[in-house]
Amino acid sequence: MTVDAATPHGSTEPPATRRGTLPVVEVFHSIQGEGTRTGEPATFIRLAGCNLRCLWCDTSYSWTTEGVRAAVPTTVEDLALMSRERAVVLTGGEPMLHRRRLPELIDRLRARGVAHVTVETNATLWDPDLADVVDLWSLSPKLPGSGEVAEPETIAAFLAGAPGRVQLKFVVTQPGDLTAMWALLDTVDATLPPTILVQPDGTRSDYDVALRELVELVMADTGDWHGVPRRSLIRVGAQVHRVAWGPAARGV
Ligand code: SF4
């Protein structure tokens, strides 16, 4: 895999595109495969570039040099025309690299009848101007098994800026990740969403084993969170699209 030169690791600037366009890796229509809206038909708009490099990334084609070069510069008008479901998911890569253009895109989507917009983000970039225009912020902060580092201040900004419209979703790939997750949440705030979603490494070929291992890890946790058993706050989930189409499929 070639490391992307267009969005260097850690850069919070979007990859360059023609003026007035967004770099689109793919647009597809499928069901939401994970999180609290699992199973809902949606149009997915995947934007190019990412400021992180997670070891288990299942969409590296969105930020490699080749992936960024292959992205199609697309106007917000055209993206709105391509959206055919009532729910739209803006994903990546890291869609918040493109935060300055998202209000206009979401405006156009609403004008086309889109009723619900989710932004899937690694929770390292926040923009208070976007807080009210997004229906669901799906945060996926990174744990040590990813090789990346979460940013508690930014996660706290999402929770405070969009109360009731945030879900927290963690990929847990090693026993220390669960401990690190609770330590991170302790740093962030005691007022969290009602559920903490966790899921296994979607790139593992033995996905069923990875899922069983995660369930066993959660059930073995005897800690508590401000007087509540920690495991009672967790919901273990599998990626439905991963189960249905396997780890290598795109556009599903
Ligand atoms: S933040 Fe998401 S897109 Fe970026 S490297 Fe990590 S998993 Fe991949």
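Mind listing just one residue for me: the one in region 138-148 that is under 23 Å from P128 (Cβ atoms) and of a type outside the set (K, R) and, of those, nearest to the ligand (Cβ to nearest atom)? Filtering first and then ranking leaves S140.
For region 149-173, a tally of residues being of a type in the set (F, W, Y) and within 12 Å of the ligand (Cβ to nearest atom) returns 1.
Residue-wise test of (1) in contact (Cβ under 8 Å) with a residue 40 or more places away in the chain; (2) buried (at least 22 other Cβ atoms within 10 Å of the Cβ); (3) under 22 Å from V243 (Cα atoms).
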site: G20; (1), (2), (3): yes, no, no
site: E26; (1), (2), (3): yes, no, yes
site: A42; (1), (2), (3): yes, yes, yes
site: L79; (1), (2), (3): yes, yes, no
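All conditions in (1) modelled with pLDDT of 95 or more; (2) β-branched (V, I, T); (3) surrounded by fewer than 19 Cβ atoms within 10 Å (Cβ to Cβ) hold for T12, with the sole exception of (1).
Quick one: count up the residues across region 198-252 that are of a type in the set (S, T, Y) and farther than 19 Å from L184 by Cα. The total comes to 3. Between W63, W56, the distinction of being touching a strand residue (DSSP E or B) at 6+ places or on another chain (Cβ under 8 Å) and of a type in the set (F, W, Y) belongs to W56 only. Cβ-Cβ below 9 Å, separation at least six or inter-chain, first residue in region 50-66 and touching a residue at least 12 places away in the same chain (Cβ under 8 Å) and farther than 20 Å from G145 by Cβ, second within 7 Å of the ligand (Cβ to nearest atom) and not hydrophobic (A, V, I, L, M, F, W, C): which pairs? Pairs that qualify, where the first residue is touching a residue at least 12 places away in the same chain (Cβ under 8 Å) and farther than 20 Å from G145 by Cβ and the partner is within 7 Å of the ligand (Cβ to nearest atom) and not hydrophobic (A, V, I, L, M, F, W, C), are S62/G92; S62/G93; S62/E94.
Results for (1) closer than 17 Å to A123 by Cβ; (2) within 10 Å of the ligand (Cβ to nearest atom), shown as yes or no for each residue.
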position: I31; (1), (2): no, no
position: G35; (1), (2): yes, no
position: T38; (1), (2): no, no
position: F44; (1), (2): no, no
position: G49; (1), (2): yes, yes
position: L55; (1), (2): no, yes
position: D58; (1), (2): no, yes
position: R69; (1), (2): no, no
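Among the criteria (1) within 16 Å of the ligand (Cβ to nearest atom); (2) buried (at least 19 other Cβ atoms within 10 Å of the Cβ), the one S83 does not fulfil is (1).
With respect to the conditions (1) β-branched (V, I, T); (2) more than 20 Å from G237 (Cα to Cα); (3) within 16 Å of the ligand (Cβ to nearest atom), T118 lacks only one, and its number is (2).
The values are calculated or read from the model by the stated rules, or taken from the named source; none is laboratory data. Remember, it's a predicted structure, so these values are computed and weren't measured experimentally. Cβ atoms come from the backbone with ideal geometry, glycine included; neighbour counts cover every protein chain shown.
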